[in-house]
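All remarks here apply to the structure that follows.
Since every read-out is calculated from the coordinates, none of them should be taken as a lab result. This is a predicted model, so every value here is computed, not measured. Virtual Cβ from ideal backbone geometry, glycine too; neighbours counted across all protein chains shown.
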Amino acid sequence: MIEAHREFNEGVVDVDIFGVKPGGAIEDELIAPLRPEIPALEPGEDYLLEVVVRTLGLGHHLTQGTADSNQLWLDVEVRDELGNLVGRSGGLGEGNRVDPWSHFINVYMLDRDGARIDRRNAEDIFVPLYDHQIPPGAGDVVHYGLEVPASAAAALTVEATLRYRKFDTTYLRHIYGPETANELPILDLARDSVTFQVGGGAAAPDADAESSAASVREPAKPLWQRWNDYGIGLLRKGGTGRGELRQAIEAFARVEELGRPDGPLNLARVYLAQGTVRDDAIAALERAAAFDPPAPSWSVAWFSGLVNLQNGAIDDAISNFRSILDADSEEMRRRGFDFSRDVRLHNELGLALFERAKRERGPARADARAERLHEARDSFDRALVIDPENVTAHYNLGLIHAQLGDADSAVRHRELHARYKPDDNARDRAIAIARRADPAADHAAEAIVIYDLHRPERFEGSRAAVAGGGG
């Protein structure tokens, strides 16, 4: 059974020790990609290691399913040339419990009183403290703080392993008792390692490090893909204002320089996240569409629609969104794409049509206004067929039906919106309780997290995986 699980999970995820930042801060200059050139590290200096985790052969979020009790974490070790442990994040402690200060790819879900959902009590799910799952085909960037020992003289090897087991220790102890050791199998899903010289000038290309990395990551990703994965990981962290989006722009600019339409397409996504959509985003989308081969037409249309909607070009936005719903190509059929099932698309089209209706002013435009309102209503109704609890659709339908004179429908949608919309006060209370109760989870819930490889209380225990995966 274990071997079958190992084979099933082969190649579903990739780990890449992508770069390093001398100085150890998010805003510091990035040296990347690591390999074939590997910089030398200086004794006594601080660095930030940039580790990219990217989903590959799966069609759902990693981990999905029982994400509250699945245990998927990064285990990062730093050792000197003699094999002595210099730094660690992700080690095992008493009862094979994973260090709670590790980076977990999971959802830390809470009930209404701020207690973690940790015993399959799905009926109590209320709000996540954080969600570190990775969507299909996306990347995540995990930051690690590295202090090179002042006594270091030769080399440091960093190894990052993505490890998985079915249930965490907390869950097992609910079942078998508080002294239970977690003996469930651990699968190593992906691994990467880099050896840095310490001291002296810039290191020469490291053939041993290259061959070591190749042994766990075959075939090697092309350079554009490594930059793109890094940029996607930064973009997904959002507009934190601390350099993440700026460095995502730099990453996607490299992708464009390497001849890929993903570069300008993703640059447009960054500009949307920043709110700088008027000129930069439009120019990036035009470049993406002009590539040979071009970026996917539906992606260009989607982001063009968002840009046009923000810029007030409502008719263009409506045309963009409708072109996606009307699209039918051999590639879409081959890949099983059906954008009529995309709630976000119906909502954005509904918002654009509703905004267009507002511009039809005066008695002479009453018929045109009513026509746009009916179109917006139909778009939001289609969203509710897919997601009956969608708050955006219910909110706008409450407004639209009121303007169309259907008071009963307006009241019904207002009531449904009030029923399904998040209770922000209750959410904030639960999150505040959880953050006070669990310092490690509080740290992991920050907008930008740096995991300390030298935390004094770190777990240093290791347990060999019973089945290895690829990288």
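Overview of values
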{"quantity": "Cα shape, region 238-332, gyration tensor, a/c 1.5 rule", "calculated": "oblate"}
{"quantity": "Three-way shape call for region 349-471 based on the alpha-carbon gyration tensor, with the a/c threshold at 1.5", "calculated": "prolate"}
{"quantity": "Chain lengthening between Met332 and Leu223 when straightened (0.36 nm per residue, less Cα-Cα)", "calculated": "36.5 nm"}
{"quantity": "Cα→Cβ-extended label distance, 7 Å offset, between Leu56 and Ala440, nm", "calculated": "2.9"}
{"quantity": "Percentage relative contact order, the chain, counting C-alpha pairs under 8 Å, at least six apart", "calculated": "20"}
{"quantity": "Shape of region 351-421, Cα gyration tensor, a/c cut at 1.5", "calculated": "prolate"}
{"quantity": "Relative packing of peptides 30-40, 187-197 - highest average C-beta neighbours within 10 Å first", "calculated": "187-197, 30-40"}
{"quantity": "Per-peptide average of other Cβ atoms within 10 Å, ordering 413-422, 170-179, 346-355 highest first", "calculated": "346-355, 413-422, 170-179"}
{"quantity": "Estimated distance in nm for a label pair at Glu10 and Glu45, the labels positioned 7 Å out from Cα along Cα-to-Cβ", "calculated": "4.1"}
{"quantity": "Ordering of 222-229, 436-443 by packing [mean C-beta count within 10 Å, highest first]", "calculated": "222-229, 436-443"}
{"quantity": "For the chain, share of DSSP beta bridges that run antiparallel, in % to the nearest 5", "calculated": "90"}
{"quantity": "Point-to-point label distance, Ile2-Ser340, nm (Cα→Cβ direction, 7 Å offset)", "calculated": "4.9"}
{"quantity": "Summed side-chain charge close to Glu257 - residues other than Glu257 whose Cβ falls under 15 Å, Lys, Arg +1, Asp, Glu -1", "calculated": "+1"}
{"quantity": "Normalised convex hull volume, the chain, alpha-carbon set, Å³ per residue", "calculated": "170"}
{"quantity": "Projected-area average for region 359-398 over all orientations - Cα convex hull basis, square nanometres", "calculated": "2.9"}
{"quantity": "Computed lengthening from Ser319 to Ile175, 0.36 nm per intervening residue step minus Cα-Cα distance", "calculated": "46.3 nm"}
{"quantity": "Angle between the chain longest axis and helix 297-311 axis [Cα atoms, degrees, rounded to 10]", "calculated": "70"}
{"quantity": "With Cα atoms, 0 to 90° folded angle of helix 391-404 axis to the chain main axis", "calculated": "10"}
{"quantity": "Degrees, to the nearest 10: 207-216 long Cα axis against longest axis of the chain", "calculated": "60"}
